[in-house]
Amino acid sequence: MKKILWIVGRIPSPLFSGDALYSAGILTALSRTGQTDVTVVGSRRENPPVEDRLLRLPHTVFPEAPWPRRLGVLSLLTSLPRDAYSLAPPSIGTTLAELLDQRWDWIVFDHARSAALLPMVLQKRKQASICYLAHNAEGKIRPAIAQDFANPVRRSLMRWDAEKYRRLEQRIVDAADSVICITDADAAYFARPGKTTFVVPPIYLGAATPSDQIEPTRPKSILLLGSFEWVAKQRNLEHIVSTILPALKSQGITLDVVGNVPEDIKARYAHERLNLVFHGPVADLSSVLARSRGGLVAETLGGGFKLKLLDYAFARLPIFGLRAAVDGTTAEEQSAMYLADTMDGLAKAIIGGIDDLAGLNRNQAKLFELMSNRFGLEQGTKRLHDILVEKADAAA
């Protein structure tokens, strides 16, 4: 059995955000290899305990997760970006120090924000190999997010935080023996001489919808899934509503938004409630998926693979999106989507395609087959076995 210490900024529970879903998929696949003992250390996200589906994973344990630091603004006095500072309260350091007295085969840093205690790990790692699990190319996307802010003070603070993220990402990549990332584009970004980089696409953990057809009785509704707590995702949401919703309204099309949305944003668009519906987090997506004719992927900020692509595809929901927002999908997969290069073009694609039921059903069936072959749990388990089990055996 390979002993793995898994350091994650936030415990991936509840499973309402893309970063949590990616981490949970990786941990689930790893547990299925039957050859690892994993200890997951991180801060909590919410009051409820870790979800049962994670607690039931074989040979995977979650020590008590503390709350993050409350005064994240104090990160300005440190070399750490705000997230990394907030998610490394003193109790995490105490837990890690105790665990590092043991022998580990791998120590995994899950997301750049988990690397605040990298110096301690490097000092006490013994013979453990280091793996960096990258969710994004942080050094590339965060400066772009900062630049999007008009307020000069906010922009300056965000740019400084982005620079600290870039430096932290650089340190963890330099220290890592292996880097795991989501897309080929990210793999090219992280490539270093002598550095081993692997691409592990997200692993879908939900139930696949049986063969289904979109009927004329289904409402003319487009679904936007997400968790809008990060400022970049809030900016994306506001941009989508301001640019696409007017065209959808003119054709009687509703935009359903599922996920955490700040109250001030919901209040700002209260007058659009007939065509813009905020559902909040939904534990069971089946009902809202079943009353939609398409899923929307239209983010312009944040980069990375969008986990909602899998929710849509495995629910047999056609995908409407910006070409730049579906990074990490293949040309063949994209051929079964409705894509455009601009928001205006995307609005036209939605309006032009939403009543073509034959086209919608043809594309959802093709995309389901393609995504099932690449993002299933069986494929993910094999990839993780090859990287963290076989590679460790070869190194030994």
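The values are calculated or read from the model by the stated rules, or taken from the named source; none is laboratory data. Because the structure is predicted, anything quoted here is derived from the model rather than measured. Ideal geometry is used to build each Cβ from the backbone, glycine not excepted, and the neighbour counts take in all protein chains shown. Just so you know, the surface numbers come from the protein's heavy atoms only, side chains and all, with ligands and any DNA or RNA stripped out. Shrake-Rupley method; radii C 1.70, N 1.55, O 1.52, S 1.80 Å.
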Pair list, Cβ < 8 Å and 6+ apart or interchain, from segment 352-373 residues that are without any contact (Cβ under 8 Å) to a residue 60 or more places away in the chain to residues that are part of a helix (DSSP H, G or I) and open to solvent by 70 Å² or more (accessible area, probe 1.4 Å): Leu370/Glu332
Residue within segment 13-24 that is modelled with pLDDT of 90 or more, in the same structural domain as Ile180 (by the TED database) and not in a helix (DSSP H, G or I) present: yes
Test for Gly93: is it closer than 21 Å to Gly18 by Cα and part of a helix (DSSP H, G or I): no
Condition check for Leu74: open to solvent by 20 Å² or more (accessible area, probe 1.4 Å), of a type in the set (A, V, I, L, M) and touching a helix residue (DSSP H, G or I) at 6+ places or on another chain (Cβ under 6 Å): no
Unique match (being touching a residue at least 12 places away in the same chain (Cβ under 8 Å) and of a type in the set (Gly, Ala, Ser)) among Ala188, Ala146: Ala146
Matching residues in segment 68-83 - criterion: being closer than 13 Å to Glu163 by Cβ and in a helix (DSSP H, G or I): Ser75, Leu76, Arg82
So Ser211, is it part of a loop (DSSP other than H, G, I, E, B) and assigned by the TED database to the domain that holds Gly328: no
Leu388, sole failed condition from (1) in the same structural domain as Ala247 (by the TED database); (2) more than 24 Å from Phe16 (Cα to Cα); (3) at pLDDT below 95; (4) not small (Gly, Ala, Ser): (1)
Hits in segment 125-183 - residues which are part of a strand (DSSP E or B) and hydrophobic (A, V, I, L, M, F, W, C): Ile130, Cys131, Leu133, Val179, Ile180, Cys181
Some residue of segment 252-261 being open to solvent by 70 Å² or more (accessible area, probe 1.4 Å) and in contact (Cβ under 8 Å) with a residue 12 or more places away in the chain: no
Strands (runs of 3 or more DSSP E) contained entirely in segment 235-344, each with at least 2 residues that are more than 20 Å from the chain's Cα centre (by Cα): 254-258, 276-280, 338-340
